[in-house]
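Trainee: Below is the structure I would like to discuss, written out as structure tokens.
The values are calculated or read from the model by the stated rules, or taken from the named source; none is laboratory data. Computed from a prediction, not measured in an experiment: that's the story for all the values here. Please note: Cβ atoms are built from the backbone with ideal geometry, for glycine as well, and neighbour counts cover all protein chains shown.
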Amino acid sequence: MRDLDVLVLGGGAAGLMCAIEAGKRGRKVLVIDHAKRPADKIRISGGGRCNFTNLHAGPSNFLSQNPRFCVSALKRYTQHDFLDLVEKHRIPWHEKTLGQLFCDRSAKDIIQMLLDELEAAGGQLELETAITAVSKPDDRYSVATSKGPLRARSLVVATGGPSIPKMGATGFGYDLAKQFGLNVVTPRAALVPLTFSDANKDLCGRLSGVSLDAIVSFGKTAFQEGLLFTHRGLSGPSILQISSYWQEGQPIAVNLLPGSDVLSTLKNARQETPKQDLKTALGQLLPNRLAEELARAFQLTGRLADLSDKALQRAADQLSRWQLTPVGTEGYRTAEVTLGGVDTKELSSKTMEVTNVPGLYFIGEAVDVTGHLGGFNFQWAWSSGHAAGQVV
Ligand code: FDA
């Protein structure tokens, strides 16, 4: 039986950050993970370059039943603190767009940085270790693993959410929370492509591969970023963002021509090239394949000269307020994150400790705090891991 001060379950972004901070404070800390390699999600993140934080990170970039819960941790360990760490390790980085910071070389730089920091702090990491049972028979936690039993004064759960199960992601954190009587906000796939049926699915399929800048909205929430047509529906950053807000059975609205006054453009075209087809005029505003398919789908036909202001207005409205109702999402198979998780009502926002279970902590994606696309989810992993690391 090995005795520890701190046992961290899960060697991903949040778990490694927490262990580094605990180790720096002289705690005897061990991280265990069932995977062959640590932090596999960092490895594949940001197309292999890891969008490790966002210059504009703040509470408004996160969804949670308690939107204020993330404030304290984000304030005490900010994007600038993480950037300082990246610079200390001389990892070259760049801002891609919208404050999103990426590695110049590879996401592996971030993993190596965390492993070096863990080693320097005296923390240990053991991989390919399955957790078979967790209990608290006395004032310490007992964890049975495939490599023998462990005991620890503090137990930190950093096993993430169930998105991308083929990489070893599990709902283990939720099961453990329930074992200790905690509420779990119903999880669901987020930052995920949306799927359609019938005519819209066929339309998307025919346009598969076409991409453009668009504003996608659900209710009062809107994102202007790239949109991509796929075989089964819609993807791209604007769609991934809205998927975290979308509710089943409800439509989303798509503005395919953000920033342009479509009606004036069409009226000008009518004046200058009256013999032109509406479809051809739309081809000057949108990718050709898209203009052609939408002209057919929305029945936007006829020569410009023959079309009234009202007809042009109708065309402009359809392109800037296209309403369509998804049938679902691509699910956990491709979702970047999971919405929901351990209810923040159960946790201290300062330390991530369970209020009614001393010594038990939940951090990272396992908690009901979910970031927008753009480096925010890693920032939550760093900030929440850091918060717990100061007190375990
Ligand atoms: P994380 O999932 O990283 O770590 C959990 C660890 O626990 C894993 O190592 C896992 O093996 C282990 N584990 C799980 N169950 C276990 C069990 N039962 N027993 C033992 N170990 C167990 N975010 C961002 O900010 N910028 C980005 O560029 C991207 N890109 C991106 C791409 C893709 C494809 C995905 C899927 C996700 C992203 N994300 C992202 C999201 C980001 O990866 C995610 O929010 C963080 O990795 C969450 O960090 P955690 O440490 O909480 O969980």
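Trainee: Check T280 against each of (1) in contact with a Phe, Trp or Tyr (Cβ under 7 Å, 6 or more places away or on another chain); (2) under 17 Å from L319 (Cα atoms) and name the one condition it does not meet.
Mentor: Condition (1) is where T280 drops out.
Trainee: Now for a separate question. Of the residues that make up the range 84-106, is at least one in a helix (DSSP H, G or I), at pLDDT 95 or above and within 20 Å of the chain's Cα centre (by Cα)?
Mentor: No, the range 84-106 contains no residue that is in a helix (DSSP H, G or I), at pLDDT 95 or above and within 20 Å of the chain's Cα centre (by Cα).
Trainee: Kindly indicate the residue of the range 150-209 that is more than 10 Å from the ligand (Cβ to nearest atom) and among the acidic types (D, E) and also surrounded by the most Cβ atoms within 10 Å (Cβ to Cβ) among those meeting that condition.
Mentor: D202
Trainee: If you don't mind, another one. Enumerate the helices (runs of 4 or more DSSP H) found wholly within the range 222-328, keeping only those where 3 or more residues are without any contact (Cβ under 8 Å) to a residue 24 or more places away in the chain.
Mentor: Result: 262-272, 278-283, 288-297, 309-320.
Trainee: May I pose another question? Given the conditions (1) under 28 Å from the mean Cα position of the chain (by Cα); (2) surrounded by fewer than 16 Cβ atoms within 10 Å (Cβ to Cβ), and given that D139 satisfies all but one, which numbered condition is not satisfied?
Mentor: (1)
Trainee: When residues of the range 340-392 are filtered for being among the small types (G, A, S), assigned to a strand (DSSP E or B), within 12 Å of the ligand (Cβ to nearest atom) and under 13 Å from the mean Cα position of the chain (by Cα), how many remain?
Mentor: 1
Trainee: Please verify whether the range 349-361 includes one or more residues that are closer than 30 Å to L234 by Cβ, outside the structural domain of S238 (by TED's automatic domain parsing) and β-branched (V, I, T).
Mentor: no
Trainee: Name the residues in the range 82-119 that are in contact with a helix residue (DSSP H, G or I) (Cβ under 7 Å, 6 or more places away or on another chain) and without any contact (Cβ under 8 Å) to a residue 24 or more places away in the chain, would you?
Mentor: Within the range 82-119, just I91 meets the criteria.
Trainee: Oh, and also: Out of L83, L63, L74, I need the residue that is more than 18 Å from I363 (Cβ to Cβ) and surrounded by 15 or more Cβ atoms within 10 Å (Cβ to Cβ). Which one?
Mentor: Sole residue among the options that is more than 18 Å from I363 (Cβ to Cβ) and surrounded by 15 or more Cβ atoms within 10 Å (Cβ to Cβ): L83.
Trainee: Still on this model: Check the range 223-243 and report whether any residue there is touching a helix residue (DSSP H, G or I) at 6+ places or on another chain (Cβ under 8 Å), under 24 Å from L63 (Cβ atoms) and surrounded by fewer than 18 Cβ atoms within 10 Å (Cβ to Cβ).
Mentor: For the range 223-243, residues touching a helix residue (DSSP H, G or I) at 6+ places or on another chain (Cβ under 8 Å), under 24 Å from L63 (Cβ atoms) and surrounded by fewer than 18 Cβ atoms within 10 Å (Cβ to Cβ): present.
Trainee: Could you count how many residues in the range 350-392 are of a type in the set (D, E) and without any contact (Cβ under 8 Å) to a residue 40 or more places away in the chain?
Mentor: Qualifying residue count for the region: 1.
Trainee: Are any residues in the range 237-251 of a type outside the set (S, T, Y) and touching a Ser or Thr at 6+ places or on another chain (Cβ under 6 Å), and if so, which ones?
Mentor: P251
Trainee: Looking at the range 359-387, which of its residues are among the β-branched types (V, I, T) and either within 16 Å of V31 (Cα to Cα) or touching a Cys at 6+ places or on another chain (Cβ under 6 Å) (or both)?
Mentor: Answer for the range 359-387, where residues must be among the β-branched types (V, I, T) and either within 16 Å of V31 (Cα to Cα) or touching a Cys at 6+ places or on another chain (Cβ under 6 Å) (or both): I363, V369.
Trainee: Right, something else. Considering only residues that are in contact (Cβ under 8 Å) with a residue 60 or more places away in the chain and either within 12 Å of the ligand (Cβ to nearest atom) or part of a strand (DSSP E or B) (or both), which ones fall in the range 120-133?
Mentor: Scanning the range 120-133 gives Q124, L125, E126, L127, E128, T129, A130, I131.
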